[in-house]
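Chemist: Supplied in structure tokens, the structure appears directly below.
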Amino acid sequence: FFRPTPSFGPLPRARTMAPTAFKDIGKLCSDLLSKDYKTGSNSVEVKSKVPNGITFTPKADKTGDKFSGSLAAKSAVPGGADLEVTLKTSGVMSASLEAANMMKGLSLTLDCETPAPGKPGLLSSGKGTLDYKTDALTAKGSYDYYRGSHRSSTTAAP
């Protein structure tokens, strides 16, 4: 004989984590092999922060007879955004502006880069990326102005 039990409302829903972005799946293994145990190259990176909040990061790499370097400066700008400007020894300058949490789970990133010395044009690349992450959904869309291409991906939690 089946007798229903009294109901006290719906069962609490299990909280699910946001799905992992595909590019992050093997990140730990990749970092172990590329960042922690470098072979055939030498590199030096120093980070320093000045009192006004700007972080400078000079970096130098030597592989065989080739030497390259860069100087990056990162700062918080009003409105909750972060600006990073990098100057490479090749003469190329790149900039990235990231506005995280414009609204809950939404971030916008704008990237641009100057062409190598001797090449025409003000910029060689310009890209905008929009990320949206919640417990049940991860969505990403990007547009590259100079290539005229856009990409988007969406992942939902089970």
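The values are calculated or read from the model by the stated rules, or taken from the named source; none is laboratory data. Keep in mind that this is a model prediction, so the values were computed, not measured. Heads up, the Cβs are rebuilt from the backbone with ideal geometry, glycines too, and the neighbour counts pull from every protein chain shown. SASA here: full protein model, heavy atoms, side chains in, ligands and nucleic acids out. Shrake-Rupley method; radii C 1.70, N 1.55, O 1.52, S 1.80 Å.
Chemist: Which whole-number percent is the relative contact order of the range 72-133 (Cα, under 8 Å, 6+ apart)?
Modeler: Reported as a whole number, the value is 24 percent.
Chemist: Which of the pairs 66/140; 88/127; 49/133; 104/140; 74/127 have their Cα atoms more than 25 Å apart in this structure?
Modeler: Going by Cα-Cα distance, 66/140; 49/133 fall outside the 25 Å limit.
Chemist: Please compute, over every Cα-Cα pair in the range 71-144, the percentage with a separation greater than 15 angstrom.
Modeler: 61
Chemist: Based on the mean of other Cβ atoms within 10 Å per residue, sort peptides 102-108, 51-57 so the most packed one is first.
Modeler: 102-108, 51-57
Chemist: Could you work out what % of the accessible surface of the range 59-158 is carbon and sulfur, using a 1.4 angstrom probe and leaving DNA, RNA and ligands out of the count?
Modeler: That fraction is 59 percent.
Chemist: Could you tell me the accessible area of residue 144 in Å² (1.4 Å probe, neighbours in place), rounded to the nearest ten?
Modeler: Counting only protein heavy atoms, residue 144 exposes about 20 Å² to solvent.
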